[in-house]
Amino acid sequence: MLARTWSAALVGIDAVKVGVEVDIAGGLPGIVVVGLPDTAVQESRERVKAALKNAGYAFPMRKIVINLSPADLRKEGPSFDLPISMGILAASEQVNPQLLDSHLFLGEVSLDGSLRPVTGVLAIAAAAQKIGLPGIVVPEANVREAAVVKGLKVYGFAHVAHVADFLNNPANYSPVEFNGEQELARSPYTGLDLKDVKGQAQARRALEIAAAGGHNVIFVGPPGSGKTMLARRLPSILPPLSFDEALEVTQIHSVAGMLREKGALVNERPFRSPHHSASGPSLVGGGSYPKPGEISLAHRGVLFLDELTEFKRDVLEFLRQPLEDGSVTISRTRQSVSFPSQFTLVASTNPCPCGYFGDTIQPCTCTPRQRESYWAKLSGPLMDRIDLQVAVNRLKPQEITRQFSGEGSAPIRERVQIARDRIQQRFKQDTPRCNAEMQSRHLRQWCALDETSTQLLEGAIRKLGLSARATDRILKVSRTIADLAEDETLQSHHVAEAVQYRTIDRMQ
């Protein structure tokens, strides 16, 4: 007898519908899986056989052929265990096959028949809803994740016997309901606070500008000046995730298998801080069947590269295209996938190998050649893509001993939210979500300069040797500064402040 049900395979962060056909016919007992399965799918034969027997079902001692279609799509992982189990039970007439064609099944089966959670459930649930399947059956541990998708009936079970009973007696079960928007709304920020940072007024101002406009920023200063402390507090002044943004972030973390410790929905902007020994594929994603890298895991959040000059130059060059396009495409022999990567880059570095060039107390021991070689690790095209270059100086003794801390994150976040609202209102009929994403046509429309501002900018271009891309970055930062001041037109002091955030250009 032939039975068919549905499952799905992941391609990047999207999912493709997969038909699971089970045919039980005469012949020598055995199980054959076809349809380009990987090792984990091939091993499901033994897991499913043991699970069904231990759950009390009769396993058919006949020839069983399992086909996963489309046959040219690679299937990987243990998530096909549950649909294969139900297909075998339906083909052997032990469960009612009526619901198999209208539901998508997903889950790993243990030898005792219990269901274990799998990755990528949110992406697969979204695909099921998109193609018109009314329901999805998942392991109990994945049920809240799948229930985030609206308009989809989600059923969660802990054992294959419960799934079989659901197929035979569907009226006895109700779908799980979960309101992701309410869950997101009552999740307050509990991270670090800018009030812990003493002094560093210019760096704090740069963080506020970066948060309001989505600008990339690099801090340059001696050891112990607070560069890392500042960077780790950027998420505290970013606006909270919208529901659509939370879905995007959750889907990426689900595919990467990192959602289990975060619950059903990622409710805070990601903060990723890879070590300087990280490889290029670990940053952008990779593998024989590509998975998201650090830049995609930082989507809609912050990617922090501490000690930027310690990263290998070829690794840093991997960032150039994602910083410009907001996505990364990884091509392999069998497939090509794209991952979103719209993140705010925050980097920190010392001004020289010893760390004390320009310091007022500790003398620098580096030669000019050593400093030149040190900065040569950062290419001009990469630095052009960093909008804010900020000097972080050593704190004065009175700043260190002062009991009063700086302004907290909450009021800054309110100002950032007001500026973001202005920006979104401006671009409501267009694609940019923040000023950092503006294209040339947006600059012409929203960043027009008067004569004084034009002369000031031209002087900066000549003196600092700025490229056209760096000049556009200055205009974008100027637009954000004006938005924070609630000014509709750019003025010369907005441009002047933006030019001041080109510390590294002035050091060359």
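The values are calculated or read from the model by the stated rules, or taken from the named source; none is laboratory data. Remember, it's a predicted structure, so these values are computed and weren't measured experimentally. Heads up, the Cβs are rebuilt from the backbone with ideal geometry, glycines too, and the neighbour counts pull from every protein chain shown. All accessible areas refer to the heavy atoms of the entire protein, side chains included, with ligands and DNA or RNA removed. Shrake-Rupley method; radii C 1.70, N 1.55, O 1.52, S 1.80 Å.
Numbers for the structure displayed
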read-out	value
Given (1) open to solvent by 20 Å² or more (accessible area, probe 1.4 Å); (2) in a helix (DSSP H, G or I), number of the condition ALA448 does not satisfy	(2)
Residue pairs meeting the criteria (Cβ under 9 Å; at least 6 apart or on separate chains; first under 24 Å from ARG433 (Cα atoms) and touching a residue at least 12 places away in the same chain (Cβ under 8 Å), in region 301-312; second open to solvent by 10 Å² or more (accessible area, probe 1.4 Å) and among the basic types (Lys, Arg))	GLY301/ARG269; GLY301/ARG272; VAL302/ARG232; VAL302/ARG269; VAL302/ARG272; LEU303/ARG272; PHE304/ARG232; PHE304/ARG272
Count of residues meeting criterion [out of contact with any His (no Cβ under 8 Å at 6 or more places or on another chain) and surrounded by 19 or more Cβ atoms within 10 Å (Cβ to Cβ)] in region 386-412	8
Wholly within region 180-240, helices (runs of 4 or more DSSP H) carrying at least 1 residues that are touching a residue at least 60 places away in the same chain (Cβ under 8 Å), open to solvent by 10 Å² or more (accessible area, probe 1.4 Å) and closer than 19 Å to THR349 by Cα	201-213, 227-231
Wholly enclosed strands (runs of 3 or more DSSP E) of region 295-398 bearing at least 3 residues at pLDDT 90 or above	302-305, 344-349, 388-391
Given (1) out of contact with any helix residue (DSSP H, G or I) (no Cβ under 6 Å at 6 or more places or on another chain); (2) open to solvent by less than 40 Å² (accessible area, probe 1.4 Å); (3) without any contact (Cβ under 8 Å) to a residue 40 or more places away in the chain; (4) not in a loop (DSSP other than H, G, I, E, B), index of the condition ASP244 fails	(2)
Residues of region 328-347 that turn out to be open to solvent by less than 40 Å² (accessible area, probe 1.4 Å) and closer than 20 Å to ALA246 by Cα, as a count	7
Selected residue (only one of GLU307, GLU317, GLU324 is open to solvent by 30 Å² or more (accessible area, probe 1.4 Å) and under 12 Å from LEU345 (Cβ atoms))	GLU324
Complete set of residues in region 101-133 that are in contact with a Pro (Cβ under 8 Å, 6 or more places away or on another chain) and part of a loop (DSSP other than H, G, I, E, B)	LEU106, GLY107, PRO117, VAL118
Which listed residue is of a type in the set (Ser, Thr, Tyr) and within 23 Å of ALA256 (Cβ to Cβ), from SER348, SER373, SER341	SER341
Scope region 153-179; condition over 31 Å from the mean Cα position of the chain (by Cα), open to solvent by less than 70 Å² (accessible area, probe 1.4 Å) and of a type in the set (Ser, Thr, Tyr); matching residues	TYR173
Sole residue being closer than 16 Å to GLY257 by Cβ and open to solvent by less than 20 Å² (accessible area, probe 1.4 Å), chosen from GLY280, GLY286	GLY286
Members of region 433-445 found to be in a helix (DSSP H, G or I) and either over 23 Å from the mean Cα position of the chain (by Cα) or basic (Lys, Arg) (or both), listed by number	SER440, ARG441, HIS442, LEU443, ARG444, GLN445
Any pair with Cβ under 7 angstrom, 6 or more apart, that starts in region 463-492 at a residue that is over 18 Å from HIS215 (Cα atoms) and ends at one that is of a type in the set (S, T, N, Q) and open to solvent by 40 Å² or more (accessible area, probe 1.4 Å)	SER492/THR452
Odd one out for GLY406, checked against (1) assigned to a helix (DSSP H, G or I); (2) in contact (Cβ under 8 Å) with a residue 40 or more places away in the chain	(1)
Selection within region 125-162 - modelled with pLDDT under 95 and of a type in the set (Val, Ile, Thr)	ILE131, VAL143, VAL148, VAL149
Odd one out for ASP430 among (1) at pLDDT 90 or above; (2) part of a loop (DSSP other than H, G, I, E, B); (3) among the acidic types (Asp, Glu)	(1)
Boolean, GLN370 is touching a Phe, Trp or Tyr at 6+ places or on another chain (Cβ under 6 Å) and more than 30 Å from ASN435 (Cβ to Cβ)	no
Segments classed as helices (runs of 4 or more DSSP H), wholly inside region 1-100, with at least 1 members that are in contact with a strand residue (DSSP E or B) (Cβ under 8 Å, 6 or more places away or on another chain) and within 19 Å of PHE157 (Cβ to Cβ)	44-54, 81-91
